[in-house]
There are 2 protein chains.
Amino acid sequence: MEPIDAIDFEKAGGLITAITLDDATGDVLMVAYMNSESFRRTLEVGEVVYWSRSRKCLWHKGESSGFTQRVKSIQIDCDGDAVVIRVEQRGGAACHTGKRSCFYRRLEDGEWIDEGEQVFDPKEVYGS
Amino acid sequence: MEPIDAIDFEKAGGLITAITLDDATGDVLMVAYMNSESFRRTLEVGEVVYWSRSRKCLWHKGESSGFTQRVKSIQIDCDGDAVVIRVEQRGGAACHTGKRSCFYRRLEDGEWIDEGEQVFDPKEVYGS
């Protein structure tokens, strides 16, 4: 039995939820999705390859920015439709906004407060 | 503007992804989904109320088991379709299997290793 056989891709139309954590700090960096091919590719290359729901293609995170995510560990949940991936985040930022984590806003007294660390300027990295 | 206005429920058919962390340890306890009503109820009651995709109803986590999740903080991601909720997990376990976290299996040398902490016996808690 291969590791991928424990994963239930059918439950949500071919996709599982992938929660990515910074292995160094334990912070949640981002959440995205994987189909079976992206999970296989992730194991093969040792870097996280998601499935882009909007672009409908494999998404090797960091390919354009250089900010790839080196896999340190993968955990699967009880019903096999979600994984937690701990990574070494190259460049120190996972979010396209240049923040370290996509979860940079926290609810406080009824407002979303931006408390994220700005690691890079997206204009410099993505050129737009 | 209300906090809920920053959330994009439309992107995934009315649901957002909710990632729940143990506030004491930082561990990912579970991942589930919320619609707008469940997010509102969560803020009102101060405990996590998900939307059950299988039962198609509000799911006040721990109502039957007593293992409710008291909200400590809520973070939202860059595109507003996922939240990270840090909680105080009553009873010390989030998973219906009695494990502390739903993510109790980790990939090691091509196999999923069970390394989860068994907090309760599901037969005693759920009576079946």
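Any read-out appearing in this document is the output of simple, stated calculations on the displayed coordinates, not a laboratory observation. Model, not experiment: these values are computed from the prediction. Don't worry about glycine lacking a Cβ; one is built from the backbone with ideal geometry, like all the others, and counts go over all protein chains shown.
Remarks
- Tilt relative to chain B, helix B:36-45 - C-alpha long axis, 0 to 90 degrees, to 10: 70
- Label 7 Å beyond Cα on the Cβ vector: B:SER54 copy-to-copy distances, nm: 3.2
- Nearest-first distances (nm) between copies at B:GLU117, label 7 Å from Cα via Cβ: 2.7
- Share of Cα-Cα pairs in the protein assembly as shown lying beyond 30 Å, as whole percent: 25
- Residues B:LYS123, B:LYS72 arranged by fewest to most Cβ contacts within 10 Å: B:LYS123, B:LYS72
- Pairs spanning more than 30 Å between alpha-carbon atoms, out of A:LYS56/B:LYS72; A:LYS11/B:LYS61; A:LYS123/B:LYS72: A:LYS56/B:LYS72; A:LYS123/B:LYS72.
- Averaging over all projection directions, the Cα-based convex hull of the stretch A:1-123 occupies 8.8 nm² in the image plane.
- At 7 Å out from Cα toward Cβ: A:ARG90 inter-copy label distances (nm, ascending): 4.7
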